[in-house]
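Below: the structure, in structure tokens.
Only the coordinates and a few stated rules stand behind these numbers; no lab work does. The structure presented is a predicted model; accordingly, all values stated were derived computationally and were not measured. With ideal geometry, Cβ positions are generated from the backbone for all residues, glycine too; neighbour counts draw on all protein chains shown.
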């Protein structure tokens, strides 16, 4: 197997409305930053993979008219879109471009410009999915169960509420712990110059004062809808060693789909996953990625994790599913400060998706931030210890898509 | 050279038609199950699944969410490309070449009867400059290209209609094709409804509902699975500049993609070495431009190949014996169907439209206005 490493990362400043740039300019900004960071010219890039949530921003197949902005003409370009996991899926496809031997240098680009569409993209995305299902039932018969299931979804926040409730019920986690997670993420974001919601020294009390939106989520728990883009340059072993002293090696990766979500499963012949926090796909992805990476005990061998957590409960759920904590204990570890930037197992030192959510790009940002930690280039939010292995996670679909990437400071043997 | 040999070991496609009267889930399930059955393996043998669909064409956000169960991707390492299925096959190939996976299931589909795909295509243009007055879509841009090509190389409407006549008559023998016209004439093509001059109903691909799936396997697995593997000997893909900024007189990215694929497969004279070609010609003139980009003839000479019957089923270099995209175009499945049709020719399974003695075949998939993105596969038998 060919070894592949990340040799350069680029991203844009994130904000609710990037009125200073159009979508192509924003994406180009990230792509050129990444190429500059990797010290490669557009001519050296063999192939490009791109993606965002389709329909968001009111555009389709953007790589076709945006190609010139990122140096695409004359090269293989692959477009990947898998919902919330898009960025992670794009990064993994770029990895495969190089791992397959078809390319030596591949550029992965992902973005979202929510402010270009009238809907508040970030949370209505899933509502569209639900509505798609809703209209579907008109054709093939509407039963009460489908109607209730559709009405109950309530977009991304609606799904996350059920998921959080399940987790809290079985783990003993309380809403105070969600406040702690959100406060940690927002104060971490204040150290990340590209992050959207920056709140220096935010405390759980500050979060607790924000308005309750829907039990158990307060306003302070919920991710923003951001405009922003990220880009990563992947390279083969020879090139990585030539271009940089400390590349971030891709040691393991997987992108499993779960069985269908709780609202669909009963109606469409699934096995009925009632507990949306079970997340079998995340367990499977983590197992496969760790096996490839030769990691036997993630609790000891992983030094930092970037988890896709638009809602704080998801940081806890997925940290457990990634094997970073024992079942039902992530909230206790949070209480004890283990997940802080200087803790035993720092989670989302960048602030994560909770602070910055340009959906199509969010899962790639996790890979990018994990790479920065391995390369020692995370500046103010660099964790104060040696990072040998980092794990990046992405979540999407209707709670059923997962991407997991393990990065390390040495190539796979 | 690829660092691992990969073969096509099974495939299935739907009977393409305008309104399939089947849910997307059912349609996708049928081809996925069919491809596994054809390969003689079960879902448990599949390592990875790559699908192809677009949200605009499917009319749903994250359209693959509801298809993971149907295609058998659940609890598997999977992903989705948002373009033609031939690109999904390319991604699946990369996954196997990396050594991380051995067996991949690839699926692509579109139900064009759900949304008018030509209307949807207008969203794929530059939102700042090109969508404001609503004149551009895939058909109107193809019309500009066709007219430029006709003017540039002195090609007549009759010569372009010749492509439709050949392909639609070929389709008559293909049970999966949608538009079968055994007795079609050039006059009929030229009297069909005019969309955008010179594009007519019979020089544009029809709107189809359809799906296609295939199974790829690494050399070791392929030999276990089948006695009749179809090897992927070469592959190339390329994207052109945006329609505003490119030379529409040729399909430049197809030329680059083909050169790469030829080099990988060790083909120096495609005209002599290829036994059959399956091209995604969404418009009749694109097939002529395709001949040129694929180096079957010099620039502007595509018309001669059709006129002299060289690309007929009985010709020296048969192109689209299945009827091609003009016979059925379930958009995200079309390129994948070309791969399957080329593989069928090599496995001698193309009942009724089999070309004798096929050892090497070319399959082509495209996406975007005026074939902006292209992927070429070179397939070979044992």
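Worth a mention:
- Coarse-grained scattering of the protein assembly as shown at q = 0.06, 0.08 Å⁻¹, given as base-10 log I(q)/I(0) from a Debye sum over alpha-carbon atoms: -0.34, -0.61
- Gaussian network model of chain A, Cα within-10 Å springs - most flexible of A:33, A:22, A:192: A:22
- Largest GNM mean-square fluctuation among B:203, B:128, B:141, using chain B with Cα springs under 10 Å: B:128.
- Counting DSSP beta bridges with both ends in chain A, the antiparallel % (nearest 5): 75
- Taking the helices alone, the protein assembly as shown has a mean residue ellipticity at 222 nm of -11500 deg cm²/dmol, built from -39,500 (n - 2.57) per DSSP H run of at least 4 residues and averaged over all its residues.
- For chain B, a Gaussian network of Cα nodes joined below 10 Å ranks B:194, B:254, B:93 by mean-square fluctuation, and the top entry is B:194.
- Region A:1-44 versus region A:203-233: alpha-carbon centroid distance in Å: 25
- Partner shielding of A:88-98 amounts to 3, given as the average count of beta-carbon atoms from other chains within 10 Å of each residue beta-carbon.
- Note on residue A:241 and residue A:377: with the Förster distance fixed at 22 Å, the Cβ-Cβ geometry gives a FRET efficiency of about 0.80.
- Modelled this way, with points 7 Å down the Cα-to-C-beta line, the labels at residue B:268 and residue A:410 are 4.8 nm from one another.
- Taken over the C-alpha atoms, region A:27-94 has Rg and Dmax values of 11.9, 34 angstrom.
- Residue B:194/residue B:18 FRET efficiency (R0 25 Å; Cβ-Cβ; nearest 0.05): 0.75
- FRET efficiency, residue A:20 to residue B:299 (Cβ-Cβ, R0 45 Å, nearest 0.05): 0.50
- Three semi-axes of the equivalent ellipsoid, region B:66-210, Cα gyration tensor, whole Å, largest first: 34, 22, 16
- Convex hull (Cα only) mean projected area of region A:155-230, reported in nm² to one decimal: 5.6
- Spacing of the two label points (7 Å from each Cα toward its C-beta) at residue B:228 and residue B:187, in nm: 4.3
- Put in line by how crowded their Cβ is, counting other Cβ atoms within 10 Å and starting with the fewest, B:129, B:367 read B:129, B:367.
- For region B:27-141, the fraction of alpha-carbon pairs lying more than 26 Å apart is 29 percent, rounded to a whole number.
- Kirkwood hydrodynamic radius over Cα pairs of chain B, then Stokes diffusion coefficient at 4 °C and 1.567 mPa s, in µm²/s: 64
- C-alpha center-to-center spacing [region A:281-328, region B:128-195] in angstrom: 54
- Residue-averaged beta-carbon neighbours from other chains (10 angstrom radius) around B:69-78: 6
- Least to most buried among A:9, B:332 (fewest other Cβ within 10 Å first): A:9, B:332
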